[in-house]
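Notes follow once the structure below has been shown.
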Amino acid sequence: MSSWTEDELRRIAGAEELKIASYRRDGSLRPYVTIWVVRAGDDVVVRSAYGPDNGWFRRATASGRGRIRAGGVERDVEFADAAPDAHAAIDAAYHEKYDRYGPRIVNTVVGDQVIDTTFRLVPSAD
């Protein structure tokens, strides 16, 4: 695995949304799904707004790897757990970026109920 460049982090963080797809067992890519994305420090983070049964999240969990597109960046990634002490910063990043949509929507991606549906996106080595 490698790490994000500062340019990639800036571009992904500046994108309103991210397109994410997981790989199938045969190596083919599933269709992209559009979701919210935040930068928390040097990490790129996504959460399943509708819990662990959300289709993209189930497929990503099973696959462990996928591909993302955002801000002109396209990379293969691995889906990793966020550090246990990172969730307050991740919540703050979601609030900062998306609060304009109102609490009913933002509350689907912040708080203790989404800790288990949080992925840190780690770029795969090219």
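The values are calculated or read from the model by the stated rules, or taken from the named source; none is laboratory data. Computed from a prediction, not measured in an experiment: that's the story for all the values here. Note: ideal-geometry Cβ built from the backbone for every residue, glycine included; neighbour counts use all protein chains shown.
Computed quantities for the displayed model
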| read-out | value |
| --- | --- |
| Positions within segment 75-107 being β-branched (V, I, T) and more than 14 Å from the chain's Cα centre (by Cα), in sequence order | I105, V106 |
| Evaluation of V77 against (1) out of contact with any Leu (no Cβ under 6 Å at 6 or more places or on another chain); (2) under 20 Å from A125 (Cα atoms); (3) part of a strand (DSSP E or B) (one fails), failing number | (1) |
| Single match in D85, D26 (criterion: on the phi < 0 side of the Ramachandran plot, part of a helix (DSSP H, G or I) and surrounded by fewer than 16 Cβ atoms within 10 Å (Cβ to Cβ)) | D85 |
| Whichever residue in segment 88-102 is of a type in the set (A, V, I, L, M) and within 17 Å of A15 (Cβ to Cβ) and, among such residues, is surrounded by the most Cβ atoms within 10 Å (Cβ to Cβ) | I90 |
| Residues being part of a strand (DSSP E or B) and touching a Leu at 6+ places or on another chain (Cβ under 9 Å) - total across segment 34-56 | 7 |
| One residue from A62, A125 being within 19 Å of K19 (Cα to Cα) and more than 11 Å from the chain's Cα centre (by Cα) | A62 |
| Test: residue in segment 111-120 that is farther than 17 Å from R11 by Cβ, part of a strand (DSSP E or B), at pLDDT 95 or above and in contact with a Lys or Arg (Cβ under 6 Å, 6 or more places away or on another chain) | yes |
| Within segment 33-74, tally of residues that are more than 15 Å from P123 (Cα to Cα) and without any contact (Cβ under 8 Å) to a residue 24 or more places away in the chain | 7 |
